[in-house]
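As structure tokens, the structure follows; a few thoughts come after it.
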Amino acid sequence: MITGKNYIGFDQMASGTVTYRTFDPIANRENENLFVAATSEEVDKAVQLAVSAFATYRNMSGQRKAAFLNAIADEIMALDEELIQRYCLESGLPEGRAKGERGRTVGQLRAFAELVAEGSWVEAIIDTGKPERQPIPKPDLRKISIPLGPVAVFGASNFPLAYSTAGGDTAAALAAGCPVLVKSHPMHAGTGELVASAVIKAAKDTGMPNGVFSNLNSKGIEVGTQLVSHSGVKAVGFTGSIKGGRALFDLAAQRDEPIPVFAEMGSINPVVVLPSAVEDSALDDWAAKYASSITLGGGQFCTNPGLLLGLKGTALDGFIASLDTEIKKMTSHHMLHPNIHQNFENGRAELSAQAGVSVVGSYNTLKAPNTTTNTVLTVSGSDFLKNPILHKEVFGPFSIVVSCSDKEELRTIIAQLEGQLTGTVLGRKSELEAYKDVVAALGDRVGRIIFNGVPTGVEVCPAMLHGGPYPASTDSRFTAVGVYSIRRWVRPFSFQDWPDATLPEALQNTNPLKLNRLVDGNWTTEPLLLETSEI
């Protein structure tokens, strides 16, 4: 049952006076439930509980954390149709998308449970001491990853489950041993409360400390600002706009003790269309695939292909004409909220009005409120280069085809782009050598490069890199997807000449956890046979 209250640790509270409702974009009206924004005192209490919980939770075994994560997954599934219906009511997204995203959320939780139960993710490294070494004895040094502390996670508008309350950031932080404070997204606060209830029940059932998780309602920026500024919060996870992510990043940097903000802030995901991809035998196929990718989910994905780059000529003209035909076939989708829909229409209109821009394809059939106008524009490479407005992301089913005069202009455009999550190359393998400078430029601007595919669809697996050079993310060394996203919430820590019995189990001589450890330069699961006096 949805109460509209905040979860401050295990307790529900609603002492504030600021209230709001979520919105049904299909019915074009507010939903019934009233939500109460967390007060400053409630935020502070939640953080204090998280700090207290950290003292215990950081030392929980991998097996106990795994039990907690699996229990969260079980409780989310137990919410069944109530969760699916609420998701659809607050997002306008279809039931199939809701169930798919629920599956991804549960899958992430179980993947992190498996990771921490096995334990080698802590990356234990041991360099044994050599007291006999001359002229200076070598100390015994042992390194491990330890959790940072309480983490503030900001729910994402476009993924009410997989990037929100118990999504990837939360799952990774809990797996690392960090309590989580979620700043619930106001567009899907009911979905967030249901998921939060699942997390709290799982925490209680598995004996986790009070404060290991809190869920805070917020209509504006006040709750988020207080969380990022609070001395008890040690890191931030954010998925959203460049404006929002940069504001949090700057706020965290201004603290007396600056903290990391891992923000994934969107992308236009450039696609390089090599000549062979727009030959007669291929252009219709690629046009159909890209019309579908551009409009998938109403274009409300961070990997939406917002920029297609090719070489001027009749082949590219044919591709543009085919894309025009295909984009007009695509169904109009409901967007997540009237504000998001209005921002899309504003951005679409602004870019369409720029000098040298032509509208290639646009879905103009009479539409229901809050639904998309699928749009593709085209512009010359020279006009694109000299107009930074055309480089902006338009969040929704929107893309620009840029007709470049030659390979050098193509490479120059790519080199001048901001950082992106993905880059794609369409064509034959045999062309890659001739376009190696273009491919290299693309690689410098993205976190993931794709050959003959579409950027939409992010596989959740260890090899996935979901991040990229700024402003795609605030730190391109990390991924926001897959089990290695846990590395955002830990720091390396070394013990020197420390008594074996008081070391973390992952570093003890006997290797009781049977981890794969790097010992004196060699990977091994074997115990260390050392004299006790040596350490």
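The values are calculated or read from the model by the stated rules, or taken from the named source; none is laboratory data. Nothing here was measured: the structure is a model prediction, and the numbers come from that model. Please note: Cβ atoms are built from the backbone with ideal geometry, for glycine as well, and neighbour counts cover all protein chains shown. Ligands, DNA and RNA are stripped out before the accessible areas are found, and what is left, the full protein with its side chains, is counted by its heavy atoms. Shrake-Rupley method; radii C 1.70, N 1.55, O 1.52, S 1.80 Å.
Let me confirm something: among 86, 58, which residue is out of contact with any Ser or Thr (no Cβ under 9 Å at 6 or more places or on another chain), open to solvent by 10 Å² or more (accessible area, probe 1.4 Å) and among the basic types (Lys, Arg)? Matching residue, one of 86, 58: 58.
Across the stretch 477-507, the number of residues qualifying as in a loop (DSSP other than H, G, I, E, B), open to solvent by 30 Å² or more (accessible area, probe 1.4 Å) and within 18 Å of residue 118 (Cβ to Cβ) comes to 1.
Within the stretch 124-166, being charged (D, E, K, R), in a strand (DSSP E or B) and either over 30 Å from residue 479 (Cα atoms) or open to solvent by less than 10 Å² (accessible area, probe 1.4 Å) (or both) holds for 130, 138, 142.
Taking the stretch 416-434 only, how many residues are part of a strand (DSSP E or B) and either among the acidic types (Asp, Glu) or touching a Phe, Trp or Tyr at 6+ places or on another chain (Cβ under 8 Å) (or both)? Number satisfying all stated conditions: 3. In the set 219, 234, only one residue is more than 14 Å from the chain's Cα centre (by Cα), modelled with pLDDT under 95 and surrounded by fewer than 24 Cβ atoms within 10 Å (Cβ to Cβ); that residue is 219.
Within the stretch 324-352, no residue that is on the phi > 0 side of the Ramachandran plot and open to solvent by 40 Å² or more (accessible area, probe 1.4 Å) sits with its Cβ atom under 8 Å from a residue that is among the acidic types (Asp, Glu) and assigned to a helix (DSSP H, G or I) at 6+ positions apart or across chains.
A residue that is part of a loop (DSSP other than H, G, I, E, B), open to solvent by 70 Å² or more (accessible area, probe 1.4 Å) and either farther than 25 Å from residue 110 by Cβ or touching a residue at least 40 places away in the same chain (Cβ under 8 Å) (or both) occurs somewhere in the stretch 456-473. Scanning for something under 18 Å from the mean Cα position of the chain (by Cα), open to solvent by 20 Å² or more (accessible area, probe 1.4 Å) and more than 30 Å from residue 356 (Cα to Cα), does the stretch 414-437 turn up at least one residue? Checked against the condition, which is being under 18 Å from the mean Cα position of the chain (by Cα), open to solvent by 20 Å² or more (accessible area, probe 1.4 Å) and more than 30 Å from residue 356 (Cα to Cα), the stretch 414-437 yields no hits at all. Note on the stretch 269-287: among residues that are open to solvent by 40 Å² or more (accessible area, probe 1.4 Å) and part of a helix (DSSP H, G or I), the one that is farthest from residue 428 (Cα to Cα) is 284.
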